[in-house]
Amino acid sequence: MSKVEPEQHVGRRLRFRDLQAFFAVVQCGSMAKAATQLGMTQPAVSDIVAGLEQMFAVRLFDRNSRGVEPTIYGRALLKRGRAAFDELRQGIRDIEFLRDPTTGELKIGCPASVLGGLFSLAVERFCRQYPRVALRFDEVTSPGSDFPTLRERKHDLVLARIARPLVDEDDLDVEILFQDPLVVAADIHSGWGRRRKINPAELVDASWILTAPDTSVYLSVAEAFQSRGLAMPKTGLVALSGLLRMHLLSRGPFITAVPSSLLHFNANRLSLKVLPVDFQIRGYPVAILTLRNRVLSPLAALFIEHVREVAKLMAPTPQARRS
């Protein structure tokens, strides 16, 4: 390929439309599919890619029978170009916010067990105060280890439980809101729910609803039984969702372990209670995660303030940690 053009020439020739076409080709893995997505012809998309490759004097895509995939140069452009696009979108949002602070859009990643508990109150209060703001929630796996949607800038922030050390967290800001222990719960009208005192040893023979053996909840429960010198009970029903496990409690003489905050905001509605048993189960901190080198939009900052206020219901003096 020819020599790369000087930076000032690239700046004059490079258009955001070109980067948009480039991103679409990466996402679709095909020039033809990208053209359909963009409402363009395939030759037009091919010309844009060829122009970019000529401009940078490197091959951005490897072509094969299955389509195309980015080279190391293409991945480098993808990483930096995505950040540039995100900053432009953030700038547009900031301008919209300055024109009218009561409107805008916020994209949040959150597991159902977090949103379905404490933070549903934060959402309710925020929406009441800013009814014209669009909150977009996507369910993310918790505990997560790398939170790719933050790094890909698909979410402005993520609310999650941190159950294992984060991987390559140098580019993340993590603010711990409160510790969320697991509690043993049952239907208030069940035989377990009518008991006034329960010996931990009795839990071994109970009908448990738990998560799979390789999950954080199961491992914490197993750790609690082991610390008491008790055998791990057999699991009658397996369900990952804490909300589902709580709903299933009303279907039989079951017990389960769920985050304290999740039960706190659903106990009355579902007729559940924390069992009177001296059985401590290690939980995990609930945190706000944001991308370190990404400037938060004013709307994101407002929403985070609402979350902090609600978190005080679980921890009067939540400790913040910047990682």
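Selection of region 154-171 for residues being modelled with pLDDT under 85, touching a helix residue (DSSP H, G or I) at 6+ places or on another chain (Cβ under 8 Å) and crowded, with 16+ Cβ neighbours inside 10 Å yields only ALA163. Tally up the residues in region 34-73 that are part of a helix (DSSP H, G or I), under 31 Å from the mean Cα position of the chain (by Cα) and closer than 21 Å to ARG15 by Cα, please. Final tally of qualifying residues: 6. Taken together, the residues in region 78-110 that are part of a helix (DSSP H, G or I) and either open to solvent by 90 Å² or more (accessible area, probe 1.4 Å) or modelled with pLDDT of 90 or more (or both) amount to 6. For region 181-295, the strands (runs of 3 or more DSSP E) that sit wholly inside it and include 3 or more residues that are buried (at least 20 other Cβ atoms within 10 Å of the Cβ) are 207-210, 254-259, 281-291.
Note on region 49-58: residues that are modelled with pLDDT of 90 or more and loosely packed, with under 15 Cβ neighbours inside 10 Å amount to 1. Being touching a Ser or Thr at 6+ places or on another chain (Cβ under 9 Å), farther than 18 Å from ARG75 by Cα and small (Gly, Ala, Ser) is a property that does not hold for ALA44.
Please work out if SER323 is modelled with pLDDT under 90 and part of a helix (DSSP H, G or I).
Working: modelled with pLDDT under 90: yes; part of a helix (DSSP H, G or I): no.
So SER323 does not fit the description; no.
Going through (1) closer than 30 Å to ARG17 by Cα; (2) free of Cβ contacts under 8 Å to residues at least 12 places away in the same chain one by one, ALA83 falls short only on (2).
None of LEU115, LEU88, LEU106 is in contact (Cβ under 8 Å) with a residue 60 or more places away in the chain and under 17 Å from PHE303 (Cβ atoms) except LEU106.
Looking only at residues in region 296-307 that are touching a residue at least 12 places away in the same chain (Cβ under 8 Å) and over 17 Å from the mean Cα position of the chain (by Cα), which one is surrounded by the most Cβ atoms within 10 Å (Cβ to Cβ)?
Of all residues in region 296-307, those touching a residue at least 12 places away in the same chain (Cβ under 8 Å) come to 296-300, 302-304, 306-307.
Within this subset, residues satisfying the condition of being over 17 Å from the mean Cα position of the chain (by Cα) are 297-299, 302, 306.
Numbers: SER297: 21, PRO298: 14, LEU299: 24, LEU302: 18, HIS306: 19.
Among those that are touching a residue at least 12 places away in the same chain (Cβ under 8 Å) and over 17 Å from the mean Cα position of the chain (by Cα), it is LEU299.
All conditions but one from (1) at pLDDT 85 or above; (2) under 23 Å from ASP86 (Cα atoms); (3) among the hydrophobic types (A, V, I, L, M, F, W, C) apply to PHE16; the one that does not is (1).
The values are calculated or read from the model by the stated rules, or taken from the named source; none is laboratory data. All of these numbers come straight from a predicted model, not from anything done at the bench. In this analysis, Cβ positions are derived from the backbone assuming ideal geometry, glycine residues included, and neighbour counts consider all displayed protein chains. Please note that ligands, DNA and RNA were not included when accessible areas were found on the heavy atoms of the full protein model with its side chains. Shrake-Rupley method; radii C 1.70, N 1.55, O 1.52, S 1.80 Å.
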